[in-house]
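Heads up, the thing below is written out as structure tokens.
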Amino acid sequence: MAMDKITFRRILKWGFLSFFRNGVVSAATVLVISLSIFMIGAVVVGSTFLSGIISSLEEKVDVSAYFKTSAPEARILSLKKDLEALPEVRAVKYISADEALLAFRERHAGDDAILQSLEVVGANPFSSSLEIKARDPSKYDAISKFLEKGSYGDILDADSSGQKKITYRQNQFVIDRLSSLLSTSRRIGFAVSLILAVIALMVAYSTVRLAIYNSRDEISVMQLVGASRAFIRGPFLVEGVIHGIIASFFTLVLLYPAFWLIGKKTSVLFGGINIFQYFVSNIFQIFFILLVAGVLLGVLSAYIAIRRYLKV
Amino acid sequence: MIYFDKVSKVYSPTSIALEDVSFTIAPNEFISIVGQSGAGKSTLLKLLLVEDWPTSGKVFFESNDVHAIPKEDLPLIRRRMGVVFQDYRLLPQKTAYENVAFALEAGGKEDDDIKHDVPQVLELVGLMDKAWHFPHELSGGEKQRVAIARAIVSRPDVVIADEPTGNLDPLNTLEIIRLLEKVNDLGTMVILATHDKEIINSLKRRVVTLEKGRLVRDEQRGRYVL
Ligand SMILES: Nc1ncnc2c1ncn2[C@@H]1O[C@H](COP(=O)(O)OP(=O)(O)OP(=O)(O)O)[C@@H](O)[C@H]1O
Ligand SMILES: [Mg+2]
């Protein structure tokens, strides 16, 4: 049966009227849906923010390979090209000995003692190097093996024991630990989000179901008076939409101070990256997610809950 | 016309609500179903309303076997039956006016018709002055009059009343029965389930008596005999 305009209008009218006449129950339902999507919102913002932090940490990891002062620049550049062709490598930066010296001078500008010692040495004490970033931290092992075993071994600088000067070897332990820590925290973050989301859904559904359970006698009377299923169900779905919309506004209002507080407490921890700023600059997307989650939660819960009472 | 054809309803071996009940009700008839508590009166009416299904036998509303009607078409047949219950069963969140109007809205009636018909019916049951009261603001007798207004507003072929006076004092009882008689005088079939002796004896209409689920008496101008 296609729904005619007059029926649709009546369903809207009764949905709104029931929402207001149900007062306390409506408020409680909005509150519970708010809590649910608050969790969903916090999880969404938190996990995107966390993964942003993880990426920026990964960004900070790199390895450098140092070359003998005798190594011809052309060979170093050809090694750079070969490295760039590797699938594990994301970026390679060449730093010549002169650039290294310049950077050193800039870093220690004003520190006369150090600058003077450079004068004493006379020649440029720095070697040229390649700074290599991998696609992810677990790839550094392969890259460093390529450097050691490859045909460029002769131009790589080595220490007195013959160990090639590749920073990965020196930082291997830290990089490996970091890489496993990051992938674990991604997985845990995902699992926690999933569990929280499921709990949120179940709590919201139970509340809506309880409210509709309270209307079960009304529902059966409506059926006996000759109301179609759509006509009975409709106002409950409209109420669900209203619950969802109000809950999403309410949640946004709750999230704002929550992230402000968290941001204030944790910006030091994350090296100045502030979760509150992330929240504010993405507020429209976040509201949209909350709105969709809230309305879906309200409507679907009502739809599923009412099915069992539309029996006679 | 309504026809019960060898209807049995067995809830469990120890609870046989109806056993092989057959009888016919003509349009315009005012019929009372009487019997002691547990005799099967409500069960009979529930089967007619398709609130429940018979174990065997059939219930016909005109030429339709009501239990063979597809679910989505049930509202259509229910709009031709008005129901009144002992416990009123008004919609608690709706005013008297809205409760009556609901039956018409559910049937897809135009707004103008609803605005015309509802006050008329509320006037008939004498409740126009309390039209905007919610059920909890009405007395039992007033609630039952709203329920009757709701049952008759869509001009059904039959009004089914299951102990409509069960919770009312004698004066309100009399008033409700008068209303049902009026409805019947206007040409609507009325089926009244009751175990109120006074009512039956004052009605002097057809009486069908059930005893432990069996039809034991069917008399025109019947009296209450148990
Ligand atoms: N849902 C049910 N499950 C099991 N048994 C039932 C059910 N409904 C009714 N019964 C049984 O069926 C029999 C008839 O019940 P019914 O309600 O039709 O009686 P009644 O004549 O309306 O009685 P009363 O005057 O008290 O309203 C009773 O024995 C009752 O226990
Ligand atoms: Mg009964």
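The values are calculated or read from the model by the stated rules, or taken from the named source; none is laboratory data. Note that the structure is a prediction, hence the values are computed from the model and not measured. Virtual Cβ from ideal backbone geometry, glycine too; neighbours counted across all protein chains shown.
May I ask you to say which residue of A:V61, A:V45 is in contact (Cβ under 8 Å) with a residue 24 or more places away in the chain, surrounded by fewer than 19 Cβ atoms within 10 Å (Cβ to Cβ) and more than 14 Å from chain B (Cβ to nearest Cβ)? Even if it seems obvious, please write down each step before you answer.
Numbers: A:V45 fails: surrounded by fewer than 19 Cβ atoms within 10 Å (Cβ to Cβ).
Answer to the selection: A:V61.
Determine which single condition B:T209 fails, assuming it passes every other condition in (1) hydroxyl-bearing (S, T, Y); (2) more than 13 Å from ligand 1 (Cβ to nearest atom); (3) not in a helix (DSSP H, G or I).
(2)
Name the residue that is surrounded by the most Cβ atoms within 10 Å (Cβ to Cβ), counting only residues in segment A:217-260 that are within 12 Å of another protein chain (Cβ to nearest Cβ) and charged (D, E, K, R).
So, considering only residues that are within 12 Å of another protein chain (Cβ to nearest Cβ) and charged (D, E, K, R), the one surrounded by the most Cβ atoms within 10 Å (Cβ to Cβ) is A:E239.
Give segment B:198-219 a look and list any residue that's away from ligand 2 (no atom under 16 Å from the Cβ) and over 14 Å from B:A39 (Cα atoms), or say none.
B:E198, B:N201, B:S202, B:L203, B:K204, B:R205, B:R206, B:V207, B:D218, B:E219
Among B:I114, B:I191, B:I200, which is at pLDDT 90 or above, of a type outside the set (F, W, Y) and closer than 29 Å to B:E211 by Cα?
On the way: B:I114 fails: closer than 29 Å to B:E211 by Cα; B:I200 fails: at pLDDT 90 or above.
Step by step, each of B:I114, B:I191, B:I200 is checked, and only B:I191 is at pLDDT 90 or above, of a type outside the set (F, W, Y) and closer than 29 Å to B:E211 by Cα.
Of everything in segment A:18-37, what is within 9 Å of chain B (Cβ to nearest Cβ) and free of Cβ contacts under 8 Å to residues at least 60 places away in the same chain? Give them in sequence order.
A:R21
Given B:S32, B:S15, which one is within 16 Å of ligand 1 (Cβ to nearest atom), touching a residue at least 24 places away in the same chain (Cβ under 8 Å) and either among the small types (G, A, S) or within 14 Å of chain A (Cβ to nearest Cβ) (or both)? Spell out how you get there, then give the answer.
Details: B:S15 fails: touching a residue at least 24 places away in the same chain (Cβ under 8 Å).
Matching residue, one of B:S32, B:S15: B:S32.
Looking at segment B:35-76, which of its residues are among the acidic types (D, E) and within 12 Å of chain A (Cβ to nearest Cβ)?
B:E51, B:D52, B:E72, B:D73
Could you check segment A:173-209 and list, in sequence order, the residues that are under 20 Å from the mean Cα position of the chain (by Cα), under 30 Å from A:S144 (Cβ atoms), surrounded by 18 or more Cβ atoms within 10 Å (Cβ to Cβ) and among the aliphatic types (A, V, I, L, M)?
Matches in segment A:173-209: A:L182 only.
One line per residue, one yes/no per condition, for (1) surrounded by fewer than 17 Cβ atoms within 10 Å (Cβ to Cβ); (2) closer than 28 Å to A:S55 by Cβ; (3) touching a Lys or Arg at 6+ places or on another chain (Cβ under 6 Å):
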residue	(1), (2), (3)
A:A71	no, no, no
A:L83	no, yes, no
A:V89	no, yes, no
A:A97	no, no, no
A:F104	yes, no, no
A:G122	yes, no, no
A:G153	yes, no, no
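Just the residues that are in contact with a strand residue (DSSP E or B) (Cβ under 7 Å, 6 or more places away or on another chain) and at the interface with another protein chain (Cβ under 8 Å from one of its Cβ atoms), please, taken from segment B:82-123.
B:V83
Only one residue in B:I152, B:I148, B:I177 is within 12 Å of B:S32 (Cβ to Cβ) and β-branched (V, I, T), so which one is that? Reasoning before the result, please.
Numbers: B:I152 fails: within 12 Å of B:S32 (Cβ to Cβ); B:I148 fails: within 12 Å of B:S32 (Cβ to Cβ).
Of the residues listed, the single one that is within 12 Å of B:S32 (Cβ to Cβ) and β-branched (V, I, T) is B:I177.
State which residue is modelled with the highest pLDDT when the search covers only segment B:24-42 and only residues that are within 16 Å of ligand 2 (Cβ to nearest atom), among the polar types (S, T, N, Q) and not in a helix (DSSP H, G or I).
B:S32
When the residues of segment B:146-163 are narrowed to those that are away from ligand 1 (no atom under 16 Å from the Cβ) and more than 11 Å from chain A (Cβ to nearest Cβ), which ends up nearest to the chain's Cα centre (by Cα)?
In this case the residue turns out to be B:V159.
Scan (1) within 14 Å of another protein chain (Cβ to nearest Cβ); (2) within 16 Å of ligand 1 (Cβ to nearest atom) for the single condition B:V7 breaks and write down its number.
Of the numbered conditions (1) within 14 Å of another protein chain (Cβ to nearest Cβ); (2) within 16 Å of ligand 1 (Cβ to nearest atom), the odd one out for B:V7 is (1).
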